[in-house]
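Colleague: Please find one structure pasted underneath; my questions will follow.
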Amino acid sequence: MADSTQAEKMSSSHGSDGFVDASAGQKAPFPAKDAKPAPQAASIDSFLSSPQPVSLIQSPQVRELIYWRDVKMSGTVFGVTLLLLLSLAAFSVVSVLSYLLLALLIVTISFRVFKSVVQAVQKSDEGHPFRAYMEKDISLSSESFSRYVDTGLRHGNCVLKQLSRLFLVEDLVDSLKLAVFMWLMTYVGAVFNGITLLIIAHILVFSIPVVYEKYKTPIDRYVGIVHNQVKSVVSKVQAKVPGLSKRKPE
């Protein structure tokens with residue numbers, strides 16, 4: 001009777017702490033109830049797979065590039081993109097695309113011929129130099145395609161909703177702000193063309209985040225002062241001009 005009672009105690013002790021592995025004869029502990037799962041690594045396509053429309057700047061891969069976390073990678077992307085934009089400013093899109101594809105073909109063909117000559121001289125049988133890349137599956141699955149399309153639709157619907165709100169004058173103040181911005185852009189367009197604006201924007205994207213990260217405190221202070229001044233002026237204009245004050249939500 002005592003042995004039975006002791007066996008029941010041991011059994012209840014095992015039930016609270018873990019279970020007996022029948023194959024190994026050892027106790028394997030249960031995971032703790034309040035144990036949190038290990039954080040998963042950031043997905044490569046986290047931006048595209050996000051359930052809600054997000055800004056491109058929120059993608060961790062883009063943030064690492066523009067904040068120059070990896071200097072070599074950011075420098076390569078910045079240099080190649082800037083060279084491409086400068087080429088588009090000097091030549092047509094067809095010419096730039098043709099030269100890029102021609103340069104890629106020259107590189108791959110030259111490497112292929114070089115490796116064939118080396119294999120013939122050394123009498124080796126290493127096979128095709130690009131076999132590892134040729135065997136990779138680069139096809140786009142239907143699930144991935146559907147996910148990309150759904151993400152594009154979410155962003156497109158978000159943009160259409162904002163445009164309809166502005167152009168149908170849901171809020172008069174916001175529509176007037178857009179009108180002033182478009183009027184200012186007519187002067188910018190008279191000085192710069194589209195490619196020049198893209199080049200300037202590209203340089204700013206890769207420089208402003210780093211500068212802001214380094215001088216965040218003084219920049220925030222001066223931006224706050226300017227924002228308060230603009231907000232004060234807008235409030236005074238809204239108070240004097242009838243119909244410009246925003247309606248309070250019901």
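Colleague: Once phi is turned into ³J(HN,Hα) by the Karplus curve 6.51 cos²θ - 1.76 cosθ + 1.60 with θ = phi - 60°, what whole-Hz value does each residue of region 225-232 show in order, with x for glycine and proline?
Modeller: Those phi angles translate into 5, 5, 4, 5, 5, 5, 5, 5 Hz.
Colleague: Using only alpha carbons, build the gyration tensor for region 121-174 and give me the equivalent ellipsoid semi-axes, biggest first, whole Å.
Modeller: One finds semi-axes of 53, 13, 5 Å for region 121-174.
Colleague: Multiplying the sequence separation of residue 80 and residue 117 by 0.36 nm and subtracting their Cα-Cα distance, what value in nm do you get?
Modeller: Here the answer is 10.2 nm.
Colleague: With a probe of 1.4 Å, find how much accessible area region 85-244 has per residue, and write the answer as a whole number in Å².
Modeller: 80
Colleague: Okay, moving on. Leaving out ligands, DNA and RNA, what percent of the accessible area of region 63-157 is carbon and sulfur, probe 1.4 Å?
Modeller: In region 63-157, the share of accessible area belonging to carbon and sulfur is 67 percent.
Colleague: Next question. Beyond a 31 Å Cα-Cα separation, which of these cross-linked pairs lie in this structure: 161/231; 161/236; 136/214; 72/136; 216/240?
Modeller: From 161/231; 161/236; 136/214; 72/136; 216/240, over 31 Å: 136/214; 216/240.
Colleague: Taking 1 over the mean of 1/r across every pair of different Cα atoms in region 112-250, what Kirkwood radius in Å do you get?
Modeller: 22.1
Colleague: Right, next: How large is the accessible surface of residue 68 in square angstrom, using a 1.4 angstrom probe and rounding to the nearest 10?
Modeller: The accessible area comes out at roughly 70 Å².
Colleague: Something else now. In terms of solvent-accessible area of protein heavy atoms at a 1.4 angstrom probe, what is the ranking of 182, 134, highest value first?
Modeller: Reading off the accessible areas and sorting them downward yields 134, 182.
Colleague: Rounded to the nearest 10 Å², what accessible area does residue 212 show when all protein chains are kept and the probe is 1.4 Å?
Modeller: 80
The values are calculated or read from the model by the stated rules, or taken from the named source; none is laboratory data. Bear in mind that the values here come from a model prediction, so they are computed numbers and not experimental data. We work out accessible area using only protein heavy atoms, side chains counted, and drop any ligands, DNA or RNA first. Shrake-Rupley method; radii C 1.70, N 1.55, O 1.52, S 1.80 Å.
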